[in-house]
Ligand code: NAP
Ligand code: ZN
């Protein structure tokens with residue numbers, strides 16, 4: 001298969017800084033669109049992958065799965081897009097299309113394994129996929145999203161991961177105007193969870209370790225803020241929430257949050273991947289039919305639903321625009337929770 005050389009930014013090892021590099025991408029196939037990348041959001045998963053936090057990172061690693069751009073070329077069989085259209089790509093660029101999950105529009109749970117936008121197995125070229133920290137990307141049109149024209153393009157980018165990852169559990173657990181929702185952690189995912197839950201009409205509470213974020217949280221739409229390190233404050237919301245979206249990226253005690261669930265309430269882990277410590281106590285779960293669940297991004301149809309909802313409700317991410325060359329500093333700031341509330345790379349700077 002013929003390829004083209006594309007400028008990108010990535011890392012050769014878990015300890016190296018990201019730097020400019022060239023990657024090979026396939027020429028557009030008949031089903032592909034070619035997207036000139038205008039903006040790419042910076043997700044905490046990018047950092048986990050670059051530094052091999054989860055194991056399994058294939059190097060060189062080019063992160064980025066919050067992609068917004070413009071279509072510059074289409075394959076002969078493309079029907080949904082034309083050259084010049086705005087387009088977006090999230091965390092998935094392919095799946096088998098035939099398994100039970102794919103048939104239900106749950107490509108993220110493809111039983112044969114979805115292809116991640118980066119660090120996935122590249123079905124076309126062999127090797128692994130490269131993400132959005134690059135000039136352009138070729139993607140099967142079925143994995144490309146339409147962008148509402150009324151929204152700020154750079155601020156749309158984070159919807160493609162932070163947005164859909166919080167939207168999918170809000171929808172799955174039927175959040176609406178009667179719901180009391182809490183969000184743990186005010187970062188990229190957390191701030192989108194507040195905006196989307198609020199958009200769905202819920203009463204929203206933020207749990208944060210960082211008192212300095214209270215005013216921001218209220219401006220983002222939170223009705224209440226609870227400082228999670230303050231036991232009395234935590235006690236004041238015992239038994240309150242129907243759904244909690246927990247976005248904390250590292251191992252943490254979820255028991256204090258389970259205590260704040262209402263009868264039949266569900267805490268949905270979307271941040272941390274791995275064994276829970278300390279041990280999860282089932283007593284409050286059994287005594288109140290409470291659940292601890294988890295959720296992975298969202299399918300393509302659901303991502304489009306979320307983008308359309310954001311278009312109708314004027315919802316976008318709060319962003320700090322950076323240049324590509326600032327990415328290593330941005331990662332350090334993200335580790336200190338010093339992001340308000342999503343970095344987005346202006347890809348013209350590459
Ligand atoms: P982020 O912007 O860094 O936000 C995480 C927030 O969690 C921080 O702002 C902080 O909020 C809180 N936090 C950070 N470290 C903490 C700690 N040690 N203990 C308690 N709270 C802590 O990250 P993000 O981009 O939103 O991503 C969050 C996590 O979701 C990452 O692990 C990412 O890989 C994962 N993720 C999962 C999916 C999925 O499909 N399930 C999709 C995308 C991302 P406060 O200052 O308010 O406490
Ligand atoms: Zn992500």
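Laboratory data are not the source of any read-out in this text; all were calculated from the coordinates shown. The structure presented is a predicted model; accordingly, all values stated were derived computationally and were not measured.
Values as computed for the structure displayed
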{"quantity": "Gyration tensor verdict on the range 25-128 (Cα atoms; rounded if a/c is under 1.5, prolate if a/b is larger than b/c, oblate otherwise)", "calculated": "oblate"}
{"quantity": "Among 294, 16, 202: highest mean-square fluctuation, GNM of the chain, C-alpha pairs under 10 Å", "calculated": "16"}
{"quantity": "Principal-axis tilt of helix 300-313 within the chain, Cα atoms, nearest 10 degrees", "calculated": "70"}
{"quantity": "Cα centroid separation, the range 218-275 to the range 1-57 (Å)", "calculated": "34"}
{"quantity": "Cα-based helix-to-principal-axis angle, 162-172 vs the chain, degrees rounded to 10", "calculated": "60"}
{"quantity": "Helix 188-199 vs. the chain, principal-axis angle (Cα, 0 to 90°, nearest 10)", "calculated": "70"}
{"quantity": "Geometric extent, Cα atoms of the range 162-294 - Rg, Dmax (angstrom)", "calculated": "13.2, 36"}
{"quantity": "Among 188, 274, 97: highest mean-square fluctuation, GNM of the chain, C-alpha pairs under 10 Å", "calculated": "274"}
{"quantity": "Value of D in µm² per second that Stokes-Einstein yields for the chain, Kirkwood Rh from Cα pairs, at 20 °C (1.002 mPa s)", "calculated": "105"}
{"quantity": "GNM flexibility winner over the chain from 273, 159, 196 (Cα, springs under 10 Å)", "calculated": "273"}
